[in-house]
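**Student:** Below is the structure I would like to discuss, written out as structure tokens.
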2 protein chains.
Amino acid sequence: MAQQAGREGRLRPARRLTLADDVYESIKTLVMDHILPPGERVNIDALARELDVSPTPVREALARLEADGLVRKRPLSGYTTTPLLSRAEFDDLFEVRQLLEGATAGRAATYASAEARQRISVEAAARIDVESGDGYRRHAAFTALDAKFHDLIAEVAGSPLLRDTITRLHSHLHLHRLYFPIAGAPATNSEHQRIAAAIVAGDATAATEAMRAHLSAARERHLPAFDQLPTPGTPRDSA
Amino acid sequence: MAQQAGREGRLRPARRLTLADDVYESIKTLVMDHILPPGERVNIDALARELDVSPTPVREALARLEADGLVRKRPLSGYTTTPLLSRAEFDDLFEVRQLLEGATAGRAATYASAEARQRISVEAAARIDVESGDGYRRHAAFTALDAKFHDLIAEVAGSPLLRDTITRLHSHLHLHRLYFPIAGAPATNSEHQRIAAAIVAGDATAATEAMRAHLSAARERHLPAFDQLPTPGTPRDSA
DNA sequence: GGAACCTATTTCCTATAGGATGTTGCTTTG
DNA sequence: CAAAGCAACATCCTATAGGAAATAGGTTCC
């Protein structure tokens, strides 16, 4: 008792299913937004106090996040947030993305329904006003739009397994989203439109090629961020 | 108190790190071996009693297993083991495997070290005596050998992400292993050797093609099982 | 002056108890 | 006889407490 009284609407969404699920989403956001910095130790009790719940659902949520690759668990030593990708891991990620998402785009061009093609066309036309909002919101909005476009293609490709797999990969990528140079947004948009055009036209080969080219270009756009980044894995004891 | 007294070595391995990890492995085995049948409800408390631990680590283990796709969670209703793959999901799985493992074999042929090629060659030569042991052990041994071969290729392909992704997919497949017709073992072995030969020779194109052909054949071998299977998703209330 | 050892604290890990919710079976009514 | 409503049960979900291990800091010895 003495806990479910006066904290409605603090972190709790309107439709509340289970507390553990809400906690999972909350912690995921904390990690994605770097409120819990990469490589940082995660104190279960402190997190439970912060979220105003007991440690049990926190522990359950962390177990799921570990399977997602967002935190690591060292036995009898606690959880830590996953460090930022190293350069090698980053390159690896984009190679795998090229393989998976290239094939996905090709499938989408072949199997997508007319209605699905319409949706892709609309989605590719959407843009984020680069001038609006502060830096953080702008980044978040742009990243969300990019993720939505890629997921949409995965959805209409007609392979649930492929879509799940791609979604999983994106978690790792999103840890880097705050470092993405916003200047690349226009190029990203036009590349998206080229992919959409190929899918709408039903040209699988062109769609695959356009997606691979897009990911190659996206990788190049991200690379400068590595020069201004703290070396991953370093146990930063900040000042 | 009154619990850590007399149950040494029951399910506890010699090196004990955390109870939750042991419970995770135990439940995973229970699901894989169909001791917890697919589609069955999983009672947390009953499972805790069975494993002689408290519900807390069981809950944590189930959360991880859910992320692995071996159990599903319905809010406020409990966990259920994942049903067997439907025909459509099965076909989907093998398409994705062809994509991923085909590319992996090609990478292995290109990047594998001399020592790695040696290991693959040895592994492909290993065989399970089809005559030995009872049906269950024979199946388990053969499936383990197959999984080891595929994972070895993924390991030497030099892409940790690709390897993780493939490992995840295999979980779903392994739920079907008990239905695999053992008669296909010799063909599987020879196909493995063909893949190994291409990798050892450094022929990426041939390795990719051999892997894809192998998976296509393996899929065909599995198909008859669908005719003698209870329809997936049926809530079986056994006699 | 440096390294190793010991101690104290923090943190994690597990067990237990109680409240809320979904489910099931029975009864009642049309 | 069937369907809807109700009640009892089982199960899940969350909170709290206590024991064990690891980490950090201080002290002592070389």
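**Student:** Note down the Stokes-Einstein diffusion coefficient of chain A in µm²/s, whole number, using a Kirkwood radius over alpha carbon pairs, 37 °C, and 0.692 mPa s. Don't skip to the end; give the middle numbers.
**Tutor:** Values: Rh = 19.6 Å.
Roughly 168 µm²/s, to the nearest whole number.
**Student:** In nm, to one decimal, how far is the modelled label at A:LYS148 from the one at B:ASP227, with both set 7 Å along Cα→Cβ?
**Tutor:** Here the answer is 4.9 nm between the modelled labels.
**Student:** Per-residue Cβ counts within 10 Å, from other chains only, averaged over B:94-105: what number is that? Please list the in-between numbers first.
**Tutor:** Details: counts 1, 5, 8, 1, 1, 9, 6, 0, 1, 6, 1, 0.
Shielding by partners across B:94-105 averages 3.
**Student:** Another question about this same structure. Once you place label points 7 Å from the Cα toward the Cβ at B:ASP33 and B:ARG87, how far apart are they in nm?
**Tutor:** For the pair B:ASP33/B:ARG87, the computed spacing is 3.3 nm.
**Student:** Sticking with this one: How long are the semi-axes of the equivalent ellipsoid of region B:81-141, taking √(5λ) for every eigenvalue λ of the Cα gyration tensor, in whole Å from largest down?
**Tutor:** Values for region B:81-141, descending: 27, 24, 8 Å.
**Student:** Treat the protein assembly as shown as a sphere of radius equal to its Kirkwood radius over Cα pairs and apply Stokes-Einstein at 10 °C in a medium of 1.306 mPa s; give the translational diffusion coefficient in µm²/s, rounded to a whole number. Present the calculation step by step, with values, prior to reporting the outcome.
**Tutor:** Working: Rh = 24.8 Å.
Here the translational diffusion coefficient equals 64 µm²/s.
**Student:** For region B:166-180, take each phi angle, set θ = phi - 60°, evaluate the Karplus expression 6.51 cos²θ - 1.76 cosθ + 1.60, and give the result in whole Hz per residue in order, putting x for glycine and proline.
**Tutor:** My calculation for region B:166-180 gives 5, 4, 4, 4, 5, 4, 4, 5, 5, 4, 9, 5, 5, 9, 6 Hz in order.
**Student:** Turning to a different aspect of this structure: Quick one: angle between helix B:114-125 and the longest Cα principal axis of chain B, in degrees between 0 and 90, rounded to 10, please.
**Tutor:** 70 degrees
**Student:** What's the angle, to the nearest 10 degrees (0 to 90), between helix B:135-156's Cα axis and the longest principal axis of chain B?
**Tutor:** 60 degrees
**Student:** Further, regarding this structure: What does the charge count near B:ALA217 come to, summing +1 for each Lys or Arg and -1 for each Asp or Glu among other residues with Cβ under 15 Å from its Cβ?
**Tutor:** -2
**Student:** A further question follows. How far is helix A:87-111 tilted, in degrees, relative to the longest principal axis of the Cα atoms in chain A, given as a value from 0 to 90 rounded to the nearest 10?
**Tutor:** Compared with the principal axis, the helix lies near 50 degrees.
**Student:** Shifting gears a bit: If the chain between A:GLN193 and A:ASP68 were fully stretched, how many nm would it gain, using 0.36 nm times the residue separation less the Cα-Cα distance? Present the calculation step by step, with values, prior to reporting the outcome.
**Tutor:** Working: separation 125, 0.36 × 125 = 45.00 nm, distance 3.05 nm.
Here the segment from A:GLN193 to A:ASP68 would lengthen by 42.0 nm.
**Student:** Would you mind giving the mean number of other chain beta-carbons within 10 Å of the Cβ of each residue in B:150-163, as a whole number? It would help to have the intermediate numbers written out before the result.
**Tutor:** Values: counts 0, 0, 0, 0, 0, 0, 0, 0, 2, 7, 5, 12, 5, 0.
For peptide B:150-163, the averaged partner shielding equals 2.
**Student:** Please state the charge dipole magnitude for chain B, taken about the Cα centre, from unit charges on C-beta atoms (+1 on K and R, -1 on D and E), reported in debye and rounded to the nearest 20. Mind dumping the intermediate values first?
**Tutor:** On the way: 30 positive and 32 negative charges, 74 e Å.
That gives chain B a dipole magnitude of about 360 debye.
**Student:** To the nearest 20 debye, what is the magnitude of the charge dipole of the protein assembly as shown about its Cα centre, counting +1 on the Cβ of each Lys and Arg and -1 on the Cβ of each Asp and Glu?
**Tutor:** Working: 60 positive and 64 negative charges, 132 e Å.
Taking the Cα centre of the protein assembly as shown as origin, the dipole is about 640 debye.
**Student:** Ignoring any ligand, DNA or RNA, what whole percent of the accessible area of chain B comes from carbon and sulfur when the probe is 1.4 angstrom?
**Tutor:** Details: 6270 of 11760 Å².
Carbon and sulfur atoms account for 53 percent of the accessible area of chain B.
**Student:** Is the shape of region A:19-81 best called rounded, prolate or oblate, per the rule: a/c under 1.5 gives rounded, else a/b larger than b/c gives prolate, else oblate, with a ≥ b ≥ c the square roots of the Cα gyration tensor eigenvalues? Please report the intermediate quantities before stating the final value.
**Tutor:** On the way: a/c = 1.32, a/b = 1.16, b/c = 1.14.
Rounded.
**Student:** Take the alpha carbon gyration tensor of region B:111-175, find the square roots of its eigenvalues, order them as a ≥ b ≥ c, and report rounded if a/c is under 1.5; if not, report prolate when a/b exceeds b/c, else oblate. Please list the in-between numbers first.
**Tutor:** Working: a/c = 5.61, a/b = 1.41, b/c = 3.99.
Cα axes put region B:111-175 in the oblate bin.
**Student:** Please name which of A:LEU19, A:PRO38, A:LEU76 has its Cα lying farthest along the dipole of region A:19-81 towards the positive end, using unit charges on Cβ (Lys, Arg +1; Asp, Glu -1) and the Cα centre as origin.
**Tutor:** Of A:LEU19, A:PRO38, A:LEU76, it is A:LEU76.
**Student:** Using the beta-carbon distance between B:ASP203 and A:SER171 and R0 = 41 Å, what value does 1/(1 + (r/R0)^6) give for FRET efficiency, to the nearest 0.05? Walk me through the numbers before you get to the answer.
**Tutor:** Numbers: r = 35 Å, r/R0 = 0.86.
With a Förster radius of 41 Å, E is 0.70.
**Student:** Which residues of region A:56-91 end up with at least 10 Å² less accessible area in the presence of all protein chains than when their chain stands alone, using a 1.4 Å probe?
**Tutor:** A:THR56, A:ARG59, A:GLU60, A:ALA63, A:ARG64, A:GLU66, A:ALA67, A:LYS73, A:PRO75, A:LEU76
**Student:** Same structure again: How high is the FRET efficiency from A:ARG119 to B:ASP134, r the C-beta distance, R0 35 Å, rounded to 0.05? Show your work: numbers first, answer last.
**Tutor:** Numbers: r = 54 Å, r/R0 = 1.54.
Computed FRET efficiency for A:ARG119 and B:ASP134: 0.05.
**Student:** Along the positive direction of the dipole of the protein assembly as shown (beta-carbon charges: Lys, Arg +1; Asp, Glu -1; about the Cα centre), which of B:THR208, B:LEU169, B:LEU100 reaches farthest?
**Tutor:** B:LEU169
**Student:** Give me the accessible area per residue for region B:87-228, probe 1.4 Å, as a whole number in Å². Walk me through the numbers before you get to the answer.
**Tutor:** Numbers: 6240 Å² over 142 residues.
Per residue, region B:87-228 has 44 Å² of solvent-accessible surface.
**Student:** Then there's this: What's the buried accessible area, both sides, between A and B using a 1.4 Å probe, rounded to 100 Å²? Intermediate values should be presented prior to the final figure.
**Tutor:** Numbers: alone 13070 and 13040 Å², together 23530 Å².
Buried surface at the A/B interface: approximately 2600 Å².
**Student:** Quick one: grab the alpha carbon gyration tensor of region A:45-164, order the square roots of its eigenvalues as a ≥ b ≥ c, and give me rounded if a/c is under 1.5, else prolate or oblate depending on whether a/b is larger than b/c. Let's see the in-between values first.
**Tutor:** Values: a/c = 2.09, a/b = 1.66, b/c = 1.26.
Judged from the Cα gyration tensor, region A:45-164 comes out prolate (a/c at least 1.5, a/b above b/c).
**Student:** Take the Cα gyration tensor of region A:87-227, multiply each eigenvalue by 5, square-root it, and list the three semi-axes largest first, rounded to whole angstrom.
**Tutor:** Numbers: eigenvalues 111, 62, 33 Å².
Ellipsoid semi-axes (Å, largest first): 24, 18, 13.
The values are calculated or read from the model by the stated rules, or taken from the named source; none is laboratory data. The structure presented is a predicted model; accordingly, all values stated were derived computationally and were not measured. Neighbour counts run over all protein chains shown; Cβ positions are idealised from the backbone, glycine included. Heavy atoms of the whole protein, side chains included, go into the accessibility calculation; ligands, DNA and RNA do not. Shrake-Rupley method; radii C 1.70, N 1.55, O 1.52, S 1.80 Å.
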